[in-house]
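Here is the structure we will look at, set down as structure tokens.
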Amino acid sequence: MKLRRDIFQAISDPTRRAILVLLTSQTMTAGAIAENFDAARPTISKHIQILNECDLVEANQQGREIYYELKIEKMKEIDKWLEQFRKIWENRFDQLDNLLSTINNKKNEK
Amino acid sequence: MKSNLQFDFLVDKGNNTLTIVREFSAERQLVWDCYTKQELLDQWFAPKPFTTKTKSMDFSNGGHWHYAMVDPEGKEYWGYTEYYDVNPIDFYRTIDAFCDSEGTINQNLPRAKWHVTFNDKGENSTVTTVVTYDSLNDLETIINMGMEEGMIATLEKLDELLATLKK
């Protein structure tokens, strides 16, 4: 239960969403990411850490640098999750379809 | 036939909104009635296996709909929708809430604003529902609740997802 909340908290923050957007095009070091923001470096590091804990980004050591990479599959899982919410609406609308056709059929019988 | 009806379901994580567009094979007046008349609304609003039970409804500006979604075991989940900006048969706005059987609103649970718009589409109609939450966390809470209450069987798939996320 806690873990799911974490993931949504991760993407509920505008800075963290911006970091995810940055990482869609390339892997980046924490320093390179921080250059895109006015916030202090430790603040950005904290954001990256949260994304990492939520498995939304992955840290890869390359020589002396750590590069962060977006984990696309994890992002897709969030969408899959929302897909379940969509099913509720599908079901609801199917019922409305049936109701509408029942009403229209009755009208035509008259 | 049904499969040809438009159905768009868009989640905007930046604006905390859900936008749901659905086409119906009926004229706009009838679709409007199904959304705004209690005896019709009760027949479709709660997704299976739930049924809808209305305690009181006054579809007008400042009015409300106090209803329950009832599961097969008879357990009731109460909701309270306040209507405002009612413009037949074009659109209406609401604020939803969770409540108890007396209509006392649960302030600890998220509320969302709904903007429901009705349009003609040839002989058919479309309904556009924009649901706005205060935050993405609110949206998440709503989704979680759906699962905890066993709201719909397909949500069980979330458990599988959870298992893969925990690893």
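The values are calculated or read from the model by the stated rules, or taken from the named source; none is laboratory data. All figures in this text were calculated on a predicted structure; none of them were measured in a lab. Cβ sites come from the backbone with ideal geometry, for glycine too, and all protein chains shown count toward neighbours.
Kindly evaluate A:Gln95 against the criterion of being in a strand (DSSP E or B) and polar (S, T, N, Q).
No: the conditions fail for A:Gln95.
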Within region B:44-56, can you find the residues that are in contact with a helix residue (DSSP H, G or I) (Cβ under 7 Å, 6 or more places away or on another chain), modelled with pLDDT under 85 and either farther than 18 Å from B:Thr129 by Cβ or away from chain A (no Cβ under 11 Å) (or both)? B:Lys48
A:Thr102 being modelled with pLDDT of 90 or more and within 14 Å of chain B (Cβ to nearest Cβ): yes
Looking only at region B:21-77, which residues are in contact with a His (Cβ under 9 Å, 6 or more places away or on another chain) and touching a residue at least 60 places away in the same chain (Cβ under 8 Å)? none
In the set A:Ile88, A:Ile48, the lone residue that is surrounded by 16 or more Cβ atoms within 10 Å (Cβ to Cβ) and facing chain B (nearest Cβ under 7 Å) is A:Ile88
Restrict the check to region A:62-82 and report whether at least one residue is free of Cβ contacts under 8 Å to residues at least 40 places away in the same chain, in contact with a Leu (Cβ under 7 Å, 6 or more places away or on another chain) and away from chain B (no Cβ under 11 Å). yes
Could you list, in sequence order, the residues of region B:7-43 that are under 16 Å from A:Arg86 (Cα atoms) and at pLDDT 85 or above? B:Thr19, B:Ile20, B:Val21, B:Arg22, B:Glu23
Could you check how many residues of region B:109-120 are closer than 21 Å to B:Leu18 by Cβ and either assigned to a loop (DSSP other than H, G, I, E, B) or touching a residue at least 40 places away in the same chain (Cβ under 8 Å) (or both)? 6
Yes or no: region B:86-96 includes at least one residue that is in a strand (DSSP E or B), touching a His at 6+ places or on another chain (Cβ under 6 Å) and crowded, with 16+ Cβ neighbours inside 10 Å. yes
Among (1) closer than 30 Å to A:Val21 by Cβ; (2) part of a strand (DSSP E or B) - the single one B:Trp78 does not satisfy: (1)
Output the number of residues of region B:35-73 satisfying the condition of being surrounded by fewer than 20 Cβ atoms within 10 Å (Cβ to Cβ), in contact with a Leu (Cβ under 8 Å, 6 or more places away or on another chain) and more than 18 Å from B:Cys99 (Cα to Cα). 3
Test A:Thr43 against the stated conditions and say whether it is surrounded by fewer than 18 Cβ atoms within 10 Å (Cβ to Cβ), hydroxyl-bearing (Ser, Thr, Tyr) and either at pLDDT below 90 or in a loop (DSSP other than H, G, I, E, B) (or both). no
